[in-house]
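The structure appears right after this line, and notes come after that.
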2 protein chains.
Amino acid sequence: MSSRSKPVSSGTGPANSRGKPTLRTIADITGLAVTTVSRALANAPQISIETRNRVRQVALDIGYSPDRAAQRLKTGRTNVIAVLLEPHEEILGYGTSVMAGIAKALQGTPYHLIVMPNFLNSANIDAINYIIRNSMADGLIFSRTEPLDPRVMLLSENGFAFVTHGRTELATAHPFVDYDNYTFAYEATRRLIAKGRRRLALIGGPAGYTFAGHIQHGFMTAVREAGCAYEILSDIDLDSPAAAIRDRIRRRYAEKDPPDGFTCGGEVCALATITGMTDCGLTLGLEYDIVAKQTSQLLTAIQPRVDTIYEDLTATGEHMGRILLRRIAGSNDVNELQLLLNPELPFETQPARVAD
Amino acid sequence: MSSRSKPVSSGTGPANSRGKPTLRTIADITGLAVTTVSRALANAPQISIETRNRVRQVALDIGYSPDRAAQRLKTGRTNVIAVLLEPHEEILGYGTSVMAGIAKALQGTPYHLIVMPNFLNSANIDAINYIIRNSMADGLIFSRTEPLDPRVMLLSENGFAFVTHGRTELATAHPFVDYDNYTFAYEATRRLIAKGRRRLALIGGPAGYTFAGHIQHGFMTAVREAGCAYEILSDIDLDSPAAAIRDRIRRRYAEKDPPDGFTCGGEVCALATITGMTDCGLTLGLEYDIVAKQTSQLLTAIQPRVDTIYEDLTATGEHMGRILLRRIAGSNDVNELQLLLNPELPFETQPARVAD
DNA sequence: TCGTATGATGAAAACGTTTTAAATGGTCAA
DNA sequence: TTGACCATTTAAAACGTTTTCATCATACGA
């Protein structure tokens with residue numbers, strides 16, 4: 001009997017109605033009981049080493065794999081990690097980078113990554129409610145926290161395992177991974193100052209999100225330290241359409257004392273800023289400078305080179321995955337469930353954080 | 001003795017070990033049998049209208065929702081649509097756009113969208129095998145087909161429902177949605193010619209994929225018709241890192257008779273081309289032109305404006321979703337399972353397709 | 001010899017659905 | 001009255017696991 005079967009079905013033919021081998025199939029072949037087979041495959045200690053091996057071998061031969069639905073029904077565990085993906089993440093593959101990282105963390109575990117896109121029903125507290133009620137997953141990951149994030153509260157109340165990308169200001173600690181956006185903005189702005197720029201502008205995060213506050217705080221600290229003129233372009237943010245940012249820049253330039261340095265929270269808005277300034281006849285590096293947050297390879301394509309500070313979203317995803325697994329495994333230790341990632345700065349400027 | 005009998009209030013909480021209401025809970029409350037409750041909720045015809053309503057009301061009151069694992073175990077259906085996401089789709093949110101479309105198509109159906117990222121185990125035929133064997137989904141969507149795509153063959157052999165983004169050249173028809181990349185490239189190249197460019201270059205798709213062939217064919221047809229000089233920048237493609245494309249452009253320009261028109265299959269590669277040409281002191285629209293495929297808002301941010309032809313990836317996703325649902329429902333009619341989308345062209349240039 | 005660990009296996013009961021087959025009344029034609 | 005035929009409802013058997021609680025040798029200290 002040649003046992004190299006390309007299609008899914010095996011040579012011996014499983015005794016199953018649906019055609020898939022089950023524990024019963026193995027039990028019949030080996031003459032053991034279903035219980036024993038289940039235990040052998042689960043590496044239960046009470047099973048003798050030789051029957052264990054025999055069972056494993058048969059399972060391998062007939063291409064057995066456990067029915068997830070049955071496991072899930074019996075144990076209540078889903079072996080699924082859900083990620084909430086939001087519309088803004090369409091841009092520039094934010095979601096995809098993070099997901100790649102999560103997938104990496106889940107590699108080799110029994111967990112699957114499933115994505116619940118939130119493109120339609122914009123109130124994503126509903127999505128979370130749905131996941132909890134239908135126990136769609138063993139753990140949840142989502143991003144862009146608010147200081148008093150209702151999602152975090154809901155999940156905490158229900159004892160549902162989760163990790164956020166971003167911090168909150170809630171009293172009860174919860175697992176998170178965050179990037180130190182304060183230091184990012186502080187350092188970015190200091191770089192502009194070091195280049196001799198004295199009229200600085202910020203294009204930060206959308207109002208309401210925790211990280212937007214961090215960015216603004218970092219920016220403000222730097223400009224106040226240096227005592228230079230500043231402004232926050234508050235009717236646009238790093239999520240705004242490129243065209244809107246470009247227009248805004250042009251309009252601003254028509255007024256008096258326009259900025260000569262921009263701290264940009266994202267890549268697309270940096271690009272749009274360049275476009276707007278170019279429209280006004282100004283050249284990057286000559287009449288003005290930009291320091292932007294970089295999360296992809298996009299800006300490396302354009303000329304002249306934009307000064308950036310990197311945030312590694314794939315690493316973020318991987319950390320979130322690992323932390324969530326720890327959390328699901330029962331950890332309550334805040335030290336191993338919370339992580340604040342530092343911007344990767346050139347060595348000499350590293351300890352730029354000020355006591356505030 | 002009358003512990004929790006008639007009252008619908010269910011203040012006592014569900015009688016379940018896991019705390020979630022089940023069919024049994026409703027049966028106990030209404031005094032009906034589990035079978036009847038199941039049927040009532042499934043709108044089975046044999047249930048009287050009044051018990052149906054009563055059951056529905058109770059279900060609503062106590063917040064019942066069926067256990068997906070149990071349904072899945074019993075019926076063999078998963079109510080899940082899987083999407084295979086590949087590493088290249090990290091760039092520019094290809095995956096996210098498509099997923100948004102699929103989610104839209106699945107809206108209001110019992111189906112969930114789950115994403116199997118293929119970032120790690122690069123041989124994604126394995127991923128498909130895994131999905132089939134573990135019956136992880138009722139249907140599958142994936143992209144970037146090859147002319148003799150082994151994934152398509154595997155799925156067809158196993159009778160697994162799927163839709164591809166892209167065509168194959170296999171004998172047996174299968175459901176697909178594709179964009180007419182031939183017409184895209186043909187029309188893009190004709191635009192360059194119309195602008196007076198006579199030394200044309202193509203940055204197309206990665207070798208091996210069906211759509212890469214279509215792009216090349218469209219490009220070749222146009223340049224041959226016009227009888228102008230052409231070249232295919234074969235060691236780079238639209239997936240190449242921006243830096244690589246930029247270098248390649250610079251090197252090419254150092255040689256003799258450099259191109260003055262570029263047909264670009266993607267946005268990032270168009271951007272990188274501009275950068276490379278700018279390095280050489282050349283200005284878009286002046287010394288050279290580009291026509292690129294546009295799938296996002298990225299290029300609208302840069303200046304001068306790049307001429308583009310649009311491909312709507314969200315619409316593609318939505319079509320794929322609808323077709324897959326049709327397929328799962330049992331349709332075999334090729335006419336409603338295959339769809340070729342036309343590039344959106346200005347009206348006067350619309351019927352550009354040549355007989356070949 | 002007994003009683004008792006000990007080490008390995010099994011039988012059977014769940015988990016929450018759907019589905020097959022059967023039961024219950026009631027009505028109606030003969 | 002009888003049987004047949006509806007319209008509703010139900011009991012019970014799955015689906016493939018895991019888990020609780022036995023069972024059954026065999027070995028061991030007494």
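The values are calculated or read from the model by the stated rules, or taken from the named source; none is laboratory data. Treat the numbers as computed from the prediction; the structure is a model and nothing was measured. Glycine also receives a Cβ, built like all others from the backbone with ideal geometry; neighbour counts cover every protein chain displayed. Surface areas here come from the heavy atoms of the whole protein model, side chains and all, with no ligands, DNA or RNA. Shrake-Rupley method; radii C 1.70, N 1.55, O 1.52, S 1.80 Å.
Dipole magnitude of the stretch B:181-310 about its Cα centre, charges +1 at Lys/Arg Cβ and -1 at Asp/Glu Cβ only, in debye to the nearest 20?
Numbers: 15 positive and 15 negative charges, 47 e Å.
Rounded to the nearest 20 debye, it is 220 debye.
If you take the Cα atoms of chain A, find Rg, then find the Kirkwood Rh from the mean of 1/r over all pairs, what is Rg/Rh? Don't skip to the end; give the middle numbers.
On the way: Rg = 26.5 Å, Rh = 23.5 Å.
Using Cα coordinates only, the ratio equals 1.13.
Across the protein assembly as shown, how large is the tail of the calculated P(r) beyond 36 Å, expressed as a percent of all Cα pairs? Each step should come with its number before you reach the end.
Values: 129616 of 253116 pairs.
Every Cα pair in the protein assembly as shown considered, those over 36 Å come to 51 percent.
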I'd like the orientation of helix A:124-133 relative to chain A: the angle between its Cα long axis and the longest Cα principal axis, in ° from 0 to 90, rounded to 10.
20 degrees
If labels are modelled 7 Å from Cα along the Cβ direction, residue A:234 lies from its partners in the other copies at nm distances, smallest first, of 6.0
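Around residue A:164, under 12 Å between beta carbons, what's the net of Lys plus Arg minus Asp minus Glu among the other residues? Working shown, then result.
Numbers: positive: A:144, A:151, A:167, A:327; negative: A:146, A:149, A:178.
Combined, the nearby Lys, Arg, Asp and Glu give +1.
With a 1.4 Å probe, what is the total accessible area buried between chains A and B, in Å² rounded to the nearest 100? Numbers along the way, then the final one.
Values: alone 18340 and 18130 Å², together 31890 Å².
The A and B chains share an interface burying roughly 4600 Å².
Using a cut-off of 15 Å between beta-carbons, work out the net charge of the residues near residue B:35 (Lys and Arg +1, Asp and Glu -1, residue B:35 not included). Please report the intermediate quantities before stating the final value.
Details: positive: B:24, B:39, B:52, B:74; negative: B:28.
Once all neighbours under 15 Å are counted, the net charge is +3.
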Please report, to two decimal places, log10 I(q)/I(0) for the stretch B:181-310 at q = 0.20 Å⁻¹ as given by the Debye formula with identical point scatterers on the Cα atoms and no solvent.
-1.14
Nitroxide proxy distance, nm - points 7 Å out along Cα→Cβ at residue B:60 and residue B:278:
6.0 nm
Buried by partner chains in the stretch A:134-170 (accessible area down by at least 20 Å² vs chain alone, 1.4 Å probe, heavy atoms, protein only) are A:134, A:136
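Which value at 222 nm does chain A reach when only helices count, each DSSP H run of 4 or more adding -39,500 (n - 2.57), with the total divided by all residues and rounded to the nearest 500 deg cm²/dmol?
Values: 12 runs with 142 residues, N = 356.
Here the helix-only value at 222 nm equals -12500 deg cm²/dmol.
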Spatially close lysines, pair count over the protein assembly as shown: Cα under 23 Å, gap of eight or more or interchain:
11
Using a probe of 1.4 angstrom, how much of the accessible area of the protein assembly as shown is carbon and sulfur, in percent?
51 percent
Take chain B, connect every pair of alpha-carbon atoms lying under 10 Å apart with a spring to form a Gaussian network, then pick out the residue of B:275, B:30, B:300 with the largest mean-square fluctuation.
B:30
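So if R0 is 51 Å, what FRET efficiency would residue B:125 and residue A:256 give, r being the distance between their Cβ atoms, rounded to the nearest 0.05?
Here the calculated transfer efficiency is 0.20.
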Residues of the stretch B:124-161 with the amide nitrogen closer than 18 Å to a label point 7 Å from the Cα of residue A:71, along Cα-to-Cβ, please.
B:127-138
With labels modelled as points extended 7 Å from the Cα through the Cβ direction, what inter-label distance (nm, one decimal) is found for residue B:172 paired with residue A:287?
6.4 nm
Provide the FRET efficiency to the nearest 0.05 for the residue A:305-residue B:305 pair, computing r from the beta carbons and using R0 = 30 Å.
0.85
Relative contact order for chain A using alpha-carbon pairs under 8 Å, separation at least 6, rounded to a whole percent?
17 percent
In percent, how large is the relative contact order of the stretch B:181-310, given Cα pairs closer than 8 Å and 6 or more residues apart?
28 percent
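Provide the per residue accessible area, probe 1.4 Å, for chain B, rounded to a whole number of square angstrom. Display every interim value, and only then the final one.
On the way: 15860 Å² over 356 residues.
It amounts to 45 Å² per residue over chain B.
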Estimated distance in nm for a label pair at residue B:231 and residue A:153, the labels positioned 7 Å out from Cα along Cα-to-Cβ:
6.4 nm
Quick one: which bits of the stretch B:256-286 get at least 30 Å² less accessible when the partner protein chains are in, versus the chain alone, with a 1.4 Å probe?
B:271, B:275
Where does the charge balance sit around residue A:343 when Lys and Arg score +1, Asp and Glu -1, over other residues with C-beta under 9 Å from its C-beta?
-3
Applying 1/(1 + (r/R0)^6) with R0 = 51 Å to the Cβ-Cβ distance of residue A:244 and residue A:50, what FRET efficiency is obtained, to the nearest 0.05?
0.10
Among B:152, A:259, A:63, the residue whose Cα sits farthest towards the positive end of the charge dipole of the protein assembly as shown (+1 at Cβ of Lys and Arg, -1 at Cβ of Asp and Glu, taken about the Cα centre) is A:63
Express in whole angstrom the spacing between the alpha-carbon centres of the stretch A:149-184 and the stretch B:158-201.
45 Å
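Report the relative contact order of the stretch A:113-208, percent, no decimals, based on alpha-carbon pairs under 8 angstrom and at least 6 residues apart.
Working: 73 pairs, mean separation 19.0, N = 96.
Taking the mean separation of contacting Cα pairs over the length of the stretch A:113-208, I get 20 percent.
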The stretch A:26-114 -> Rg/Rh from Cα coords, Kirkwood Rh, value 1.17
